[in-house]
1. Specify the residue that is farthest from TRP53 (Cα to Cα); the eligible residues are those in segment 165-208 that are among the basic types (Lys, Arg) and out of contact with any Leu (no Cβ under 7 Å at 6 or more places or on another chain).
2. Taking segment 167-208 as the search range and keeping residues that are part of a helix (DSSP H, G or I) and among the small types (Gly, Ala, Ser), which one is nearest to PHE114 (Cα to Cα)?
3. Given the criteria among the aliphatic types (A, V, I, L, M), outside any helix (DSSP H, G or I) and open to solvent by less than 30 Å² (accessible area, probe 1.4 Å), does LEU124 qualify?
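The values are calculated or read from the model by the stated rules, or taken from the named source; none is laboratory data. This one's a predicted model, so the numbers in the text were calculated from it and none came from an experiment. Because the Cβ atoms are built from the backbone with ideal geometry, glycine has one as well, and the counts that use them run over all protein chains shown. Heads up: the accessible areas ignore ligands, DNA and RNA and are worked out on the full protein's heavy atoms, side chains in. Shrake-Rupley method; radii C 1.70, N 1.55, O 1.52, S 1.80 Å.
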Amino acid sequence: MRNIMFSWIALCGLFLFTSAHAQPIEEGKNYISLRSPVATQEPDKIEVVTLFWYGCPHCYQLEPTLDAWQKKLPEDVNFIRVPAMFGGIWNLHGQLYYSLEAIGATEQLHAVIFDVIQNNKQRLATAAEITDFVVKQGIDKDSFEKAWNSFAVKSQLQKAKRLAIAYQISGVPALVVNGKYTFDIASAGGLKETTEVADYLINHERNN
């Protein structure tokens, strides 16, 4: 499992940040179309999904850009975060995310978790470590543990696993627009360019 985890970390670190687009955004270069489109949660809206892992440094670097961008999205766009589920600590962190979402504490702790893992080197590698951490952040222990062990959270974890397969994701961070198009920082050309590609694909879907 340790080797698998480090392999995924290596995938997470493959992204090279380059300069702004010198050419128009192109399919096959800046994004790819999925062979089989994936159903969206709200068919009447344009969906943008970001797949992430708290242990990924590039997910951490992209998060402020994405967070600022998603707060300005128009009403016809639905922005969704999905934790990547590739086993081991990835799954634990995914369970942490969905447990916090279940008790309405995602906004309070999402950025904090990124920070402590990336900057304070707290791995949060066990359920006990995670529970101790969230309690120290002011979260009620009983409420969190109830969410952690709930059927709803376990269902979300299974759905996240299925989505990663359906999206043909092999590393994070990755974005998927309307269940049809996927891209990452490398193909987009950089952090800022990632949201530019997303905007381009949102407009494409809106006009088609």
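1. Only one residue fits best here, namely ARG206.
2. Among them, the one singled out is ALA186.
3. Against the criterion (among the aliphatic types (A, V, I, L, M), outside any helix (DSSP H, G or I) and open to solvent by less than 30 Å² (accessible area, probe 1.4 Å)), LEU124 qualifies.
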